Amino acid sequence: MVEAIGVHKSYADIEVLRGINVNVARGEVTCLIGPSGSGKSTFLRCINHLEKHDAGELRVDGELVGYELRGDKLHELTDRRICNERAQIGMVFQRFNLFQNLNVLENITVGPVKVKGVDEKQANKSARELLERVGLEGKEKNYPTQLSGGQQQRVAIARALAMEPKLMLFDEPTSALDPELVGEVLDVMKDLARSGMTMIVVTHEMGFAKEVADTVYFLDQGVIEESGDPKIVLTSPSSPRLQSFLSKVL
Amino acid sequence: METNGDAAVEVVPVRHVSRWVGWALLALFVAMLVHTIFSKIPLSCTLAKGTWHCSKYNWRFGWNQVFHYFTNGQVLKGLVVTLELTVLAMIVGIVLGIVVAIMRLSHSRLLSAAAWSYTWAFRGTPVYVQILFWGFIGDLYPYLSIGIPFTHVYLVHFHAISVFIPFNAAVAALGLNEGAYFSEIVRSGLIAVDEGQTEAATSLGMTRSQTLRNVVLPQAMRVIIPPTGNEVISMLKTTSLVVAIAVIDLLGAVTNIYNQTYQIMPMLILASLWYLIVSTILSIGQFYLERFFGRGALRTPPPTPIQRIRRDLRGIASKYRTKRGVQVGTTS
């Protein structure tokens, strides 16, 4: 589903990604872990072209992200086509980023209605189903500020799912939550993983990674230091960097 | 002292002597002000046997004149012109302002430079000069035409002054000037919206314009509305400058009247009263508009003045119902 070969990214003169190789199969859950500043969020944002990578090959579902190969040249895609690519990838942010001017139901329906041209009645119906799925039925008319962080993040997940994405990206989805609210969000994510959604999760929740992930990648200073089955990587890490990271996180 | 449970202990508030003095001075000042506003002065006096005898008295502020002309046809016609100018200039200004602000924030250098130049020119010159400029635009361009540039092949060709009659020139001048200021207000509103909102919209696959229309602009409105109310009220008064190009607005109308009656001050008071009435109505409208666009941003919207008065009355009523004194250990 997602294939990255030697992805590079620099901001001014700081190289944030220094050749990332990642391979995510359909239906797999992948966790990206690593210290802050290691480039895991940046890489995640490259996948839906919120950030433009400078070099390397990045494919989603076989299609190059943001570019098109014509002859032997890479052509940048027009804005509209990039939007089309993004519409198929759901993203959940650390700070929820629910639309403050819209109520819960409108937050979920605005994407399908405005981007995919779904009929409003149909969108409302599926939005209610999604709200039920994330355990928030009855909150349709509330505004984001009236919800707790955990509830907001669950709405954000529902909003992303409303676009019927083929891939879901999570950027530290529980980092801005009070400890007692983390569980409700992780539960929704576990549920989603069981339903067969392809997910890439940047997280500090090692328990979640161990329980749900098929593969875990440990990033440090813009490169992947170690990767593999979380049960092996997280319990008996081979690289000293991961060893020291885990000793601080766990 | 021992207090237990719900025994009532009388609380003596701090006495603020200086505040009472302040209130007394204020009351004196207000009384003086009211007196001078509603005092009468003699019109004709004669000296007879060592004492002055004054016969006719008139209001110092000429209130009879004020009320006589308050709803005069000329005044009301002028008021309508003032309101028309305000509304039309604000519409031009707001539309221009939004477009220019969006251009300013565009990724295109061409658009942002064009927007910057416009703001630079129209914010950098006095509005009075701009009004005169549009009023006399015919001096620069006697004819306006649409056709092939640098030739004399015209599709449309007409006298500039047939379009830029004084009223239209005034709307153009006030609107273009307002657009420059308003674009800055809109720009600050757009910048104030959290970047995460744009990112979330982008990640849903929205185009830049969809993001702007559905997410950013509605949230920017909360920041844009309060200064807009300010701009409308300011525009209401700025329109009085159009007298310079012979537009008969409210001020123009009262000027015409006092040029005949020589009662200058009463006419200016009359005009001021009308300006105050309209700006008060506008302020009330602004309050409700702010409340509307604040929805979603605040958990509980601020009370309307009517709700506040009701709440205060209820508070006073309940205060008098309960005994003086505070229940120690309980809050009521």
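The values are calculated or read from the model by the stated rules, or taken from the named source; none is laboratory data. Nothing here was measured: the structure is a model prediction, and the numbers come from that model. So basically every Cβ, Gly included, is an ideal-geometry build from the backbone, and we count neighbours across all protein chains shown. Heavy atoms of the whole protein, side chains included, go into the accessibility calculation; ligands, DNA and RNA do not. Shrake-Rupley method; radii C 1.70, N 1.55, O 1.52, S 1.80 Å.
For this structure, a couple of remarks:
So that you can scan it fast, the table gives a plain yes or no per residue for (1) within 14 Å of chain A (Cβ to nearest Cβ); (2) modelled with pLDDT of 85 or more; (3) in contact with a His (Cβ under 9 Å, 6 or more places away or on another chain):
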residue: B:Lys237; (1), (2), (3): no, yes, no
residue: B:Leu251; (1), (2), (3): no, yes, no
residue: B:Gln263; (1), (2), (3): no, yes, no
residue: B:Trp274; (1), (2), (3): no, yes, no
residue: B:Val278; (1), (2), (3): no, yes, no
residue: B:Phe287; (1), (2), (3): no, yes, no
residue: B:Thr300; (1), (2), (3): yes, no, no
residue: B:Thr304; (1), (2), (3): no, no, no
residue: B:Gln307; (1), (2), (3): no, no, no
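- Out of A:Leu169, A:Leu192, A:Leu186, one residue alone is away from chain B (no Cβ under 14 Å), under 13 Å from the mean Cα position of the chain (by Cα) and crowded, with 19+ Cβ neighbours inside 10 Å. It is A:Leu192.
- Residue match in the range B:220-231 (condition: open to solvent by less than 40 Å² (accessible area, probe 1.4 Å), closer than 19 Å to A:Glu106 by Cα, within 9 Å of another protein chain (Cβ to nearest Cβ) and without any contact (Cβ under 8 Å) to a residue 40 or more places away in the chain): no
- Any pair with Cβ under 7 angstrom, 6 or more apart, that starts in the range A:220-248 at a residue that is over 22 Å from A:Leu17 (Cβ atoms) and assigned to a loop (DSSP other than H, G, I, E, B) and ends at one that is charged (D, E, K, R) and modelled with pLDDT of 90 or more: A:Leu234/A:Lys210; A:Ser238/A:Glu226
- Here B:Leu76 passes the criteria (1) aliphatic (A, V, I, L, M); (2) modelled with pLDDT of 95 or more; (3) open to solvent by less than 70 Å² (accessible area, probe 1.4 Å); (4) under 30 Å from B:Thr119 (Cα atoms) except the one numbered (4).
- Candidates A:Ser10, A:Ser41: the one that is open to solvent by less than 60 Å² (accessible area, probe 1.4 Å), touching a residue at least 12 places away in the same chain (Cβ under 8 Å) and more than 14 Å from every other protein chain (Cβ to nearest Cβ) is A:Ser10.
- Residue match in the range B:60-71 (condition: surrounded by 13 or more Cβ atoms within 10 Å (Cβ to Cβ) and of a type in the set (D, E, K, R)): yes
- The range B:63-114: number of residues that are of a type in the set (Lys, Arg) and closer than 30 Å to B:Ser209 by Cβ: 2
- Applying the set (1) modelled with pLDDT of 95 or more; (2) open to solvent by 20 Å² or more (accessible area, probe 1.4 Å) to A:Val201 leaves exactly one unmet item: (2).
- Contact map, the range B:150-170: residues that are on the phi > 0 side of the Ramachandran plot and hydrophobic (A, V, I, L, M, F, W, C) paired with residues that are modelled with pLDDT of 90 or more and surrounded by 13 or more Cβ atoms within 10 Å (Cβ to Cβ), Cβ distance under 8 Å, separation 6+ or inter-chain. No pairs are found.
- Any hit, the range B:122-137, residues being open to solvent by less than 50 Å² (accessible area, probe 1.4 Å), at pLDDT 95 or above and more than 23 Å from B:Leu176 (Cβ to Cβ): no
- Top-ranked residue in the range A:142-166 [being more than 12 Å from every other protein chain (Cβ to nearest Cβ) and charged (D, E, K, R); ranked as least open to solvent (accessible area, probe 1.4 Å)]: A:Arg154
- Checking each residue in the range B:193-207 for being over 17 Å from A:Ile89 (Cα atoms) and outside any helix (DSSP H, G or I) picks out B:Val193, B:Asp194.
- Inclusion of A:Lys139 among residues that are of a type in the set (D, E, K, R) and facing another protein chain (nearest Cβ under 8 Å) is not warranted.
- Of the residues screened, A:Val65 is not one that is β-branched (Val, Ile, Thr), farther than 30 Å from A:Val22 by Cβ, within 14 Å of another protein chain (Cβ to nearest Cβ) and touching a Leu at 6+ places or on another chain (Cβ under 7 Å).
- Leading residue by the ranking (modelled with the lowest pLDDT) among those in the range B:197-218 that are touching a Phe, Trp or Tyr at 6+ places or on another chain (Cβ under 9 Å) and either open to solvent by less than 10 Å² (accessible area, probe 1.4 Å) or farther than 20 Å from A:Gln153 by Cα (or both): B:Pro218
- Of the helices (runs of 4 or more DSSP H) lying entirely inside the range B:208-308, those containing at least 2 residues that are among the charged types (D, E, K, R) and within 24 Å of B:Ile91 (Cα to Cα) span B:217-238, B:264-293.
- Residue that is surrounded by the most Cβ atoms within 10 Å (Cβ to Cβ), among those in the range A:108-125 that are outside any helix (DSSP H, G or I) and over 21 Å from the mean Cα position of the chain (by Cα): A:Val118
- Across the range A:95-107, the qualifying residues are those that are facing chain B (nearest Cβ under 9 Å) and open to solvent by 30 Å² or more (accessible area, probe 1.4 Å), and the one among them that is nearest to A:Lys139 (Cα to Cα) is A:Gln100.
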